[in-house]
Every structure is written in structure tokens, then in C-alpha cells.
1. For segment 143-248, just say rounded, prolate or oblate: build the C-alpha gyration tensor, square-root its eigenvalues into a ≥ b ≥ c, call rounded for a/c under 1.5, and beyond that prolate if a/b exceeds b/c, oblate if not.
2. Please sort 203-215, 144-156 by packing, taking for each peptide the average over its residues of neighbouring beta carbons within 10 angstrom, highest first.
Amino acid sequence: MRRISRRNFITDLGRGTVGVVILGAAVVGCSDDNEVAGSTTTSGLDPGTNPSPSLAWQRVSFSSVSAYVLARGSEVAIVDTGTADVGTRFDDAFAALSVGWSDVDHVLLTHLHSDHVGGLGEVLDAAPEAKAYAGEADVAGIDSPRALTPVNDGDEVFGLQIVGTPGHTAGHVSVFDEGSGLLVAGDALVGSDGSVGGPSPNFSVDIAEANSSVAALADLGASTVVFGHGDPVESDVAASIDSLAQSL
Ligand SMILES: [Zn+2]
């Protein structure tokens with residue numbers, strides 16, 4: 001529990017509080033065994049001592065943006081909700097992870113742009129038990145049918161570390177799973193021809209701050225990075241982000 005105790009847990013999680021703490025403990029116990037897998041869920045753990053499997057993820061493609069489904073066994077978090085044409089887009093990801101809408105407990109929004117939150121209403125309708133979160137400075141700018149829980153750098157949701165990455169928007173956050181090394185960067189980074197690119201100057205409210213936020217992501221030591229725009233990168237990730245940060 002040492003690693004958990006120094007984190008800034010969200011205290012007002014209602015029914016989710018116990019689950020978050022348990023999952024956080026699981027991450028501490030299995031950081032050497034986890035693996036990020038797009039289509040498989042691998043535990044590698046003694047179920048008698050640690051019931052939580054490692055994180056598996058799936059990409060959900062919209063026409064110009066991606067959302068992500070993150071699952072620990074049958075517990076699910078969605079990161080970003082795409083544009084306002086959700087329809088059946090999540091179905092293939094759910095099937096690959098053997099989960100469904102009723103398993104979705106958390107909906108994390110990286111930032112307020114409409115291509116990332118446009119589907120929020122549909123998603124929350126489909127997942128009525130899910131709690132939704134966004135960076136504190138972006139919450140007021142997001143139209144949501146249910147109250148959004150504000151998050152800040154250092155918070156933890158579903159065993160996922162919230163990393164403040166302001167600049168693209170004031171409240172932009174990225175999401176990192178320490179156990180598997182998966183980083184969901186939103187628009188704090190972009191995928192560019194199989195490599196890691198910096199935030200877009202054209203769409204960032206403060207590009208200097210956005211560039212500075214890349215350094216925070218470099219420090220994570222991620223092994224896989226996925227983006228709002230562009231294809232995931234799964235090799236030389238930490239070194240690529242680090243060299244990018246130094247070039248900006
Ligand atoms: Zn954006």
C-alpha cells in the first residue's frame with residue numbers, strides 16, 4: 001500500500017471508492033507481470049492473492065478521432081467518447097474484451113473538444129451507472145447530462161493515474177496505467193506516421209504550455225501510447241516522448 005498512500009485519491013467516489021482502492025492495490029502487486037494487450041486479458045497472477053487481472057484495451061475509431069475502452073477483467077473505463085455518432089461503434093471493442101455497457105463504471109474525458117466529448121450523452125445513457133470525469137479546468141466547458149467529477153494531476157481513477165497535461169486546453173489530462181505502461185495521451189500528443197508527434201499548434205489554446213506538458217509525459221516511462229488522432233505507438237515510446245520533449 002506504500003505506493004497508494006502517497007497518491008491523491010479522489011475521496012468522493014461514492015459506490016466506486018472501494019473498487020478503486022482494491023484495483024490500486026492490485027496494480028502495486030503486479031507491476032512486473034502486467035502486459036498491455038489489445039485483444040487479450042492476461043493476469044499472470046495468483047488469483048488467491050490478487051484477484052484483479054491486468055489492463056487490456058481496445059481502440060474505438062470514429063471518423064477523425066479515437067476513443068478507448070480499458071478493461072480489468074469485467075470492469076471497464078472508457079477514455080473519451082468520440083463525436084456525437086456513437087451508435088454501435090463500441091460494440092467490437094466490447095466484444096473483444098468480453099464486456100458490455102453495463103460493465104462501464106468510469107468515463108474519463110481528456111479534454112473539452114467536441115470530437116472527444118460529443119458522444120458523452122449517448123455513452124452515459126448507455127452506461128447509466130458510470131461516473132464521468134474531466135480535468136477541473138475543462139469541466140465547465142463540457143455539456144454533460146450528469147455532473148462531471150473534476151480531476152487533477154495526481155488523482156487516480158480505476159487504478160489509472162491522471163496526468164495533468166494543460167496547454168491543448170486548460171484542463172487537458174492524460175491517463176496512465178503504471179502496471180501495463182499504457183498512456184492515453186488524448187491530444188497532448190498526436191500519432192504521426194507511426195511515431196510520436198507534439199500537440200497541434202493550430203488547435204491548442206497555449207502551445208507553449210502544451211509543449212511543456214510533453215515533458216510530464218516523458219517522465220512516465222510509458223511502453224504504449226495511444227492518441228486522439230493517429231495510430232498507437234508500441235515501441236521505443238518513452239525514449240520517443242523524451243526526445244520529443246527536448247526538441248519542443
Ligand atoms: Zn483536442
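Every number here is computed from the coordinates shown, using simple stated rules; none is lab data. Everything quoted here is computed from the prediction, not taken from an experiment. Note: ideal-geometry Cβ built from the backbone for every residue, glycine included; neighbour counts use all protein chains shown.
1. Because a/c hits 1.5 or more and a/b fails to exceed b/c, segment 143-248 counts as oblate.
2. The densest-packed peptide leads the list: 203-215, 144-156.
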